[in-house]
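Q: There's a structure below that I have some questions on.
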Amino acid sequence: MHGPAHLTTCGPERDRIRSFLMAHLRHMMKARNLTQMQAATWFHISQPRVSHLVNDRVNRFSTDTLLDMLGHAGIRVIVDFTSVE
């Protein structure tokens, strides 16, 4: 899960951004072999929220929340803007 994400922010693309962030969080959980309770502590969220993450419930998370979760896990997110003409 390395490299830039090639995403735009129009309409359904917002869901793609959240899906991308969620996939990275799930990857981190799997790489560390974390239980949902351990992940909840690490991400500073409740266990039911981790269940939503694991089950890819994109509509249950805002981009801000996902970025906060990554921050709690020690991940710095870099955003790159490209003009689409």
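Laboratory data are not the source of any read-out in this text; all were calculated from the coordinates shown. It should be emphasised that the depicted structure is a prediction, and the values quoted were computed from it without experimental measurement. Note that each Cβ is placed from the backbone with ideal geometry, even for glycine, and that neighbours are counted across all protein chains shown.
Q: What is the dipole size for the chain, taken about its Cα centre, with +1 at each Lys and Arg Cβ and -1 at each Asp and Glu Cβ, in debye to the nearest 20?
A: 400 debye
Q: Using a 10 angstrom cutoff on alpha carbons, build the Gaussian network for the chain and name the most mobile of 75, 45, 17.
A: Most flexible of the set in this elastic network: 75.
Q: Moving to a separate point now. What distance in nm separates the two pseudo spin-label positions at residue 57 and residue 37, each 7 Å out from Cα along the beta-carbon direction?
A: With each label point 7 Å from Cα toward Cβ, the separation is 2.0 nm.
Q: Continuing with the same structure: With each run of n ≥ 4 DSSP H residues scored as -39500 (n - 2.57), what mean residue ellipticity at 222 nm is computed for the chain after dividing by its residue count and rounding to the nearest 500 deg cm²/dmol?
A: -16000 deg cm²/dmol
Q: Please turn the phi angles of the range 17-32 into ³J(HN,Hα) values with the Karplus equation 6.51 cos²θ - 1.76 cosθ + 1.60 (θ = phi - 60°), one per residue in order, whole Hz, x for glycine and proline.
A: The phi angles translate into 5, 4, 4, 4, 5, 5, 4, 5, 4, 5, 4, 4, 4, 5, 4, 9 Hz.
Q: Cut-off is 10 Å between beta-carbons; in what order do 50, 84, 58 appear when sorted fewest neighbours first?
A: 84, 58, 50
Q: Another question about this same structure. Tell me, what is the Rg over Rh of the chain, with Rh the Kirkwood radius over Cα pairs?
A: When Rh is taken as the Kirkwood radius, the ratio is 0.98.
Q: Once amide H atoms are placed 1.01 Å from N in the peptide plane, what residues at a sequence separation of 5 or more from residue 61, or on another chain, have their amide H within under 5 Å of its amide H?
A: Excluding prolines and chain starts, which carry no amide H, there are no hits.
Q: Tell me, what ³J(HN,Hα) does each residue in the range 42-54 have, in order and in whole Hz, if you take phi through Karplus 6.51 cos²θ - 1.76 cosθ + 1.60 with θ = phi - 60° and put x for Gly and Pro?
A: In residue order, the calculated couplings are 5, 8, 6, 9, 7, 4, x, 5, 5, 4, 4, 4, 4 Hz.
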